[in-house]
1. With a 1.4 Å probe and all protein chains kept in place, how much accessible area does residue 167 have, in Å² rounded to the nearest 10?
2. Restricting to Cα atoms and excluding each atom paired with itself, what does the Kirkwood estimate give for segment 343-411 in Å?
3. Roughly what would the spin-label model give for residue 33 and residue 68, points 7 Å off Cα along C-beta, in nm?
4. First measure r as the distance between the Cβ atoms of residue 375 and residue 176, then evaluate 1/(1 + (r/R0)^6) with R0 = 56 Å and state the FRET efficiency to the nearest 0.05.
5. Could you pull the accessible area for residue 301 with a 1.4 Å probe, rounded to 10 Å²?
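The values are calculated or read from the model by the stated rules, or taken from the named source; none is laboratory data. All values reported here derive from a predicted model rather than from experimental measurement. Heads up, the Cβs are rebuilt from the backbone with ideal geometry, glycines too, and the neighbour counts pull from every protein chain shown. In case anyone asks, the SASA skips ligands and DNA or RNA and just uses the protein heavy atoms, side chains included. Shrake-Rupley method; radii C 1.70, N 1.55, O 1.52, S 1.80 Å.
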Amino acid sequence: MRDTPKALASPPYDPARGEAPHGGRRPPPPGRRGLARAVLTAPFTARAWAEAAFCLAAFPLTLAGFLLAVVLLCLGSGLLVSLIGGILGALFLVLALALARGLGGAHRALARWLLGEHIPSPVPSAPARGPFGRLDARLRDAAAWRCVAYVVVKLPVSAFGLYAVVWWLTGLTNLTTPLRWGLLGQYPGHGGERGAPTLTPLPFGGSPRFHTFGGTLLAALVGALTLLVAPWLTRAVVLVDRRLMRELLGPGTLAERVRDLEETRALAVDDAAALLRRVERDLHDGAQVRLVALAMSLDMIREGLAAGAPGVDVDRLRRLVETAHHNATEAIGELRDLARGIHPPALDDGLPDALATLAARSTVPVELSVDVPVRPSAAIETIAYFCAAELLTNVIKHSGARRAAVSAAQRGGALLLGVTDDGHGGAGPGRGSGLTGLRQRVRTVDGTVDIHSPPGGPTVITVELPLHA
């Protein structure tokens, strides 16, 4: 391993130290000044207004959907238990489920538009044959029943959201109390004997009135305090609603797992096919050409040494032998490189030695830290090795870094591989760095890749892999 300075410009990422994925140690919590700034500026952020708009727009949709879905469910359930209206009751239930799915799609669209929350659609109901089969499939549609649960649970959540919007409205109204005092003539000298009313969002607060201009300033202060509280109320409601949407309006844990397995299986098949094509291409364009040239040289040497051949040209035969030796040496080297690309020999002694070999071969000084007490399976070691090789290649080719660090550790039944550098940053998938292919390779074993590479650096990339594929 190359000699390296004692530390990088920023400390290298080390999963063993429990550091944050952005490079250095976990940032300290925001101080009092940062917390005060967040509280004072919350009403003026686009996020706060978008969340308030979401709470306001979701209430009528929730109320109408709840009434329609509950009415249809009650009618369907009541008719289904009767002997006469069983078929009609089943149709009402199917209609309620279809309505719930449509309402779920509307809520997902509203969340995507105002909150930027992208929730994938649930899988469609299973196909079936015949009218009764299709009816049974609709009634057994788990995703539709989860949408029904969301429509029912959403009503109290949406009611709290509307109450949070009331805080916004009362705060804005009270904030304009001094202006209304002058423009609307609410003070006693202009017939406003009742004074300027002050609204309160609390159910027990009443509506106190002020009869002096100083009182209106106090009402404005109450309005400002109300506006400071309002964004946090809407945010709390939206956080609960986000969780409900992810759990009830998405594809579901099992369906999402099946979809992910299908994608990773396709990636594994494509990766295997690409590997076979690469091996075939390398053999055809490399070793095969060398071996053909070697055979031709040996054939020419045999003809030159044939018994009874007049005037043997020794210099020509010597050149042919040298050419044949060169082609044989090149073919052996290409076959060795090809075999190394399939399974690196350095992994025969384990991942720590393989990573040490990569670090020693790097043209950029590499600081290595490995803590892998339990050896992972061969497939995981191979993926980790190629990930480290790809990331170090990116450091050398693209980062402009002077130093790098590689760390590997086992935490919680997972293998964490971290590569960091002090380069100019800006790394990401789709920029010619091979990170897209690396992510696809890691996904085939349910691994993840975390990339943190702000402009100016440092770049920290963390690969998490299971210990056994």
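1. Result for residue 167: roughly 40 Å² accessible.
2. 12.3
3. For the pair residue 33/residue 68, the computed spacing is 5.4 nm.
4. On the way: r = 70 Å, r/R0 = 1.25.
Between residue 375 and residue 176 the formula returns 0.20.
5. The value for residue 301 is about 20 Å².
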